[in-house]
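> The structure is given below, and queries will be raised subsequently.
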Amino acid sequence: MGKPKVGFYWFASCGGCEESQVDIADKLIDVVNAVDIAIWPVALDFKDSDLEKLEDGELVACFLNGAITNSEHRKIAELFRKKSKYVIAYGACSYMGGIPGLEVSKDKESLIERVYLKGDIVVNPDKVVPVQEFKEDGVRIEIPEIYERPYSLDEVIDVDFYVPGCPPTPNVFLDAVNTLLSGKIPEKGYVFGSRKSLCNECPLNKTKPEKVLVKEFKRPHEVILDPEKCYLAQGVICLGPVTRGGCDALCIKGGMPCTGCFGPLEGIKDYGAKAISYIASILDSKDLDEIRKTLEKIPDPLGTFYRYSLPRSLFYQKSVGDKK
């Protein structure tokens, strides 16, 4: 009996998830020795036809990262679902919509206009924009349909497990691989990572006051953070209290507050709403004008609290429902 076959693929993403997979360093050799990588186009010369030739269910697992933003993404995602026993949404974009998911705050036309016509570095005098079909000199070219909005992976296909992070940390990736190889398969919908908040593994947690109270919020570039003191206690928004742990607090150790890429804790349906609720609870004022001035120091609430989860949020889903 041969080694179990696995596949890797990326959709709308930055490449960080691929970096995280090779960041396991010498342990990558152990992974390669344990599995047969049947599909990994970003690293090796695989074509879509190689995926199509696989028997249904031939892949034990596939790790798919990136948001679904066009018809080709959907086609490949559906093909992976057909060919795989287990589908793992890998990284924040696949899990929750991620950074590409912020597109849902704009309509497709305005985004195309910004990217192809009015961007700061765009030179496009003929005002050429993407079309699905182009013909010239008898040659016909098709490009994928760009969707009205990006989708998380489980909005398009059935997903078995989730590996959070932007990108996932090597230890969480290894945990997912080793768990699947062990045969001790978790329940469907399982999210790898800690069951506790990031604060529980944060090296600064011991300096966090029992009751955090903030008079004024500061952005990271506006203050020289004390690396030995809780960032929230220094007035910088850190979403560690409402974010799933398991990342080993790498951002904190690197001198930056948590931005929430590991997503919500168990039982939380809307990550951004939980984050907003927490930040509101630590405001050290009952004066409405003072509270308003404090909140104005958060220049981009949508990007701050829904940076990785906007398409999956109740906030967005309700707005879509109202439009329908």
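> List the pairs whose first member sits in segment 23-39 and is among the aliphatic types (A, V, I, L, M), whose second member is part of a loop (DSSP other than H, G, I, E, B), and whose Cβ atoms are under 6 Å apart, counting only residues at least 6 apart or on separate chains?
Note: pairs meeting the criteria are Val35/Lys3; Val35/Pro4; Ile39/Phe46.
> Inside segment 186-218, can you point out the residues that are in contact with a strand residue (DSSP E or B) (Cβ under 8 Å, 6 or more places away or on another chain) and surrounded by 14 or more Cβ atoms within 10 Å (Cβ to Cβ)?
Tyr190, Val191, Phe192, Gly193, Ser194, Ser197, Leu198, Val214, Phe217, Lys218
> Then there's this: I'd like to check something: does segment 192-205 contain any residue that is at positive phi and either without any contact (Cβ under 8 Å) to a residue 40 or more places away in the chain or in contact with a Leu (Cβ under 6 Å, 6 or more places away or on another chain) (or both)?
If we filter segment 192-205 for residues that are at positive phi, which is where we start, we get 193.
Imposing the further condition that a residue be either without any contact (Cβ under 8 Å) to a residue 40 or more places away in the chain or in contact with a Leu (Cβ under 6 Å, 6 or more places away or on another chain) (or both) reduces the set to none.
No.
> Among residues belonging to segment 61-84 that are part of a strand (DSSP E or B) and either touching a Leu at 6+ places or on another chain (Cβ under 7 Å) or not assigned by TED's automatic domain parsing to the domain that holds Phe173 (or both), point out the one that is farthest from Val6 (Cα to Cα).
Kept after step one, since they are part of a strand (DSSP E or B), are these residues of segment 61-84: 61-65, 67-70, 84.
Right, trim to either touching a Leu at 6+ places or on another chain (Cβ under 7 Å) or not assigned by TED's automatic domain parsing to the domain that holds Phe173 (or both) and you get 61, 64, 68, 84.
Working: Ala61: 5, Leu64: 11, Ile68: 21, Ser84: 8 Å.
Among them, the one singled out is Ile68.
> If you don't mind, another one. With respect to the numbered conditions (1) assigned to a loop (DSSP other than H, G, I, E, B); (2) touching a Cys at 6+ places or on another chain (Cβ under 8 Å); (3) not charged (D, E, K, R), which one is the sole condition not fulfilled by Ile252?
It is condition (1) that Ile252 fails.
> Specify which of the listed residues (Glu103, Glu113) is at pLDDT below 95, closer than 27 Å to Phe262 by Cβ, in a helix (DSSP H, G or I) and out of contact with any Asp or Glu (no Cβ under 6 Å at 6 or more places or on another chain). Step through it out loud before you land on a result.
Details: Glu113 fails: closer than 27 Å to Phe262 by Cβ.
Only one candidate passes the filter, namely Glu103.
The values are calculated or read from the model by the stated rules, or taken from the named source; none is laboratory data. Just so we're clear, the structure is a prediction, and the values are computed from it rather than from any experiment. Every residue, glycine among them, receives a Cβ derived from its backbone with ideal geometry; neighbour counts consider all protein chains shown.
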